[in-house]
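Presented below is the structure to which this report refers.
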Amino acid sequence: MSETSRTGLTYSQAGVDIDAGNRMVELIKPLVRATARAGADAEIGGFGGAFDLGRAGFKDPVLVAATDGVGTKAKIAADTGRHATVGIDLVAMSVNDLVVQGAEPLFFLDYFACGRLDPQVGAEVVKGVADGCRQACCALIGGETAEMPGVYQGGDFDLAGFAVGAAERGTLLPRSDVAGGDVVLGLASSGVHSNGYSLVRRIVAESGLDWEAPAPFAPGRSLAEALLIPTRIYVASCLAAIRTTGAVKALAHITGGGFPDNIPRVLPKGLGVHLDLARVPVLPVFKWLAKTGGVAQTEMLRTFNCGIGMVAIANPADVEAVTSAFAKAGETVVRLGQVVPITGGADAVTYSGRLDLAD
């Protein structure tokens, strides 16, 4: 009779190490405490997290929730052992979706799933989550770690995030007065952010480059380092522009679907935008992806942010004030185009000029 038959199977023998999960919790407790803010003490270990809206200063709040992941960007992190920044991406993808609705992010929860839990790797990922939460001034009040052997192989893992924010009633965006002639402003991105990585990985594979090879578009960085630059978090700058000017009519987070899918989501029926692509500050990474993968301009525009991670809409008379507020908060701002009337089945996003995809 085998030893297993005499003693009975254990969860550990099935591939799940409860003690590893407990060790990870102890490792991340200081990281979580560092995200505390008014309304939350950011302690973990219970069955749920609590948030006090009154302590956060809201009088008649409307809650706004968002959830997202980082897609196959996590695969690059897992394959290269670089886990420090994908947590920032995770937070960014949700809190940027909150702020476009005029909401202040309040708290965040994360979900980390893997085949075999390495507490140090898990803690490194959560450190990035905590870094992102501090940038967004929201509290990390809980999360879940799932060890699922047979679902995830080797060092693979997946991430999901859940953010809740609030705005005072009557202040949500987009505003109802978005009109033809309004100006479309773009805020520069930090890189590829967290969309299109299945195509990115395919292009890298076809290029023949190793992840540790020097990035052709980023001197001094390896290819993995350059492609793992975290998603920019626009919360502080967008809230500053909204609150100091009172003139931001709408915001659009440029994620999967690019300009053509995301900008129309914040426009009233009968309105579209016309953009001058020559004004887009195309980053070197996008030029390399387009050239190496032979990716057409139309495909670039619907897959990647191409250098613009957030779009804002304002009345022409307020553009200078809004631009100044964003710039003061650290953003690079470009004037991309304007809101225009559309009829029938016309495209909601039209273009003039071309993206600068040349080296």
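Taken over the stretch 148-173, the criterion of being open to solvent by less than 60 Å² (accessible area, probe 1.4 Å), modelled with pLDDT of 95 or more and assigned to a loop (DSSP other than H, G, I, E, B) is satisfied by Leu173 alone.
Per this entry, Ala103 is not counted among residues that are closer than 22 Å to Ala241 by Cβ and under 13 Å from the mean Cα position of the chain (by Cα).
Look through the stretch 322-347, keep the residues that are in contact with a strand residue (DSSP E or B) (Cβ under 8 Å, 6 or more places away or on another chain) and of a type in the set (Gly, Ala, Ser), and return whichever of them is farthest from Leu239 (Cα to Cα).
Within the stretch 322-347, the subset in contact with a strand residue (DSSP E or B) (Cβ under 8 Å, 6 or more places away or on another chain) is 322-323, 326-327, 331-342, 346-347.
So of that shortlist, the ones also of a type in the set (Gly, Ala, Ser) come out as 327, 337, 346.
Details: Ala327: 13, Gly337: 22, Ala346: 33 Å.
So the residue we want is Ala346.
Are any residues in the stretch 331-352 open to solvent by 50 Å² or more (accessible area, probe 1.4 Å) and either at pLDDT below 95 or not hydroxyl-bearing (Ser, Thr, Tyr) (or both), and if so, which ones? Answer for the stretch 331-352, where residues must be open to solvent by 50 Å² or more (accessible area, probe 1.4 Å) and either at pLDDT below 95 or not hydroxyl-bearing (Ser, Thr, Tyr) (or both): Arg335, Gln338, Pro341, Thr343, Gly344, Gly345, Ala346, Asp347. Going by the structure shown, is Ala327 of a type in the set (A, V, I, L, M, F, W, C) and without any contact (Cβ under 8 Å) to a residue 12 or more places away in the chain? The answer is yes for Ala327.
In the stretch 210-228, what count of residues is obtained for those that are open to solvent by 60 Å² or more (accessible area, probe 1.4 Å) and either part of a loop (DSSP other than H, G, I, E, B) or farther than 21 Å from Ser190 by Cα (or both)?
Going through the stretch 210-228, the residues open to solvent by 60 Å² or more (accessible area, probe 1.4 Å) turn out to be 210, 212, 214, 216, 219-221, 225.
Next cut, either part of a loop (DSSP other than H, G, I, E, B) or farther than 21 Å from Ser190 by Cα (or both) only: 210, 212, 216, 219-221.
Residues meeting the conditions: 6.
Yes or no: the stretch 285-298 includes at least one residue that is touching a residue at least 40 places away in the same chain (Cβ under 8 Å) and of a type in the set (D, E, K, R). The answer is yes; a qualifying residue exists. Taking the criterion of being closer than 30 Å to Gly102 by Cα, touching a residue at least 60 places away in the same chain (Cβ under 8 Å) and not small (Gly, Ala, Ser), the residues of the stretch 130-157 that qualify are Cys133, Arg134, Gln135, Cys137, Cys138, Leu140, Ile141.
Within the stretch 259-306, how many residues turn out to be part of a helix (DSSP H, G or I), of a type in the set (Val, Ile, Thr) and either open to solvent by less than 50 Å² (accessible area, probe 1.4 Å) or closer than 22 Å to Val70 by Cα (or both)? Walk me through it before giving the result.
We begin by selecting, within the stretch 259-306, every residue part of a helix (DSSP H, G or I); these are 259-266, 277-279, 284-293, 297-303.
Next, from what is left, pick out any that are of a type in the set (Val, Ile, Thr): 263, 266, 285, 292, 298, 303.
With either open to solvent by less than 50 Å² (accessible area, probe 1.4 Å) or closer than 22 Å to Val70 by Cα (or both) added as a condition, the list becomes 263, 266, 285, 303.
So the answer is 4.
Scan the stretch 314-330 for residues that are in a helix (DSSP H, G or I) and either open to solvent by 60 Å² or more (accessible area, probe 1.4 Å) or not aliphatic (A, V, I, L, M) (or both) and the total you get is 8.
The values are calculated or read from the model by the stated rules, or taken from the named source; none is laboratory data. Quick caveat: nothing in here was measured; it's all calculated off a predicted structure. No Cβ is skipped: glycine too gets one built from the backbone with ideal geometry, and neighbour counts run over all protein chains shown. Heads up: the accessible areas ignore ligands, DNA and RNA and are worked out on the full protein's heavy atoms, side chains in. Shrake-Rupley method; radii C 1.70, N 1.55, O 1.52, S 1.80 Å.
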